[in-house]
1. (i) 50, 29, 18; (ii) 72, 34, 19; (iii) 31, 23, 18: which one is Cα extents along the principal axes in Å as calculated from this entry?
2. Beta carbons within 10 angstrom, averaged per residue: use that to sort the peptides 58-66, 41-49, highest first.
3. Rounded to the nearest 0.05, what FRET efficiency is calculated for residue 9 and residue 43 with R0 set to 22 Å and r the Cβ-Cβ distance?
4. Could you work out the relative contact order of region 2-69? I mean the mean sequence separation of Cα pairs under 8 Å and 6+ apart, divided by the number of residues, in percent.
5. Taking the number of other C-beta atoms within 10 Å as the exposure measure, put 31, 39 in order starting with the fewest.
């Protein structure tokens, strides 16, 4: 199982978290294990490899900006 952590900017509430979770979990095999508007943290797991470009695009689709935390 692969895991990737992102920093999301612009989230301010539970609705924001739900929007990000919904968009990211539409990606094949992706599961959001943590999303927090308080810390800006998003953690995504996938069976093989987390597709950074797809996750960043999904967060953008939800209306927010994300960067991968290395």
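Computed from the coordinates by the stated procedures, all read-outs in this text should not be read as laboratory data. Please read these numbers as outputs of a predicted model, since none were measured by experiment. Cβ placement follows ideal geometry from the backbone for every residue including glycine, while neighbour counts extend to all protein chains displayed.
1. Read-out from the structure maps to (iii).
2. 58-66, 41-49
3. 0.85
4. 46 percent
5. Final ranking by Cβ density, sparse to dense: 39, 31.
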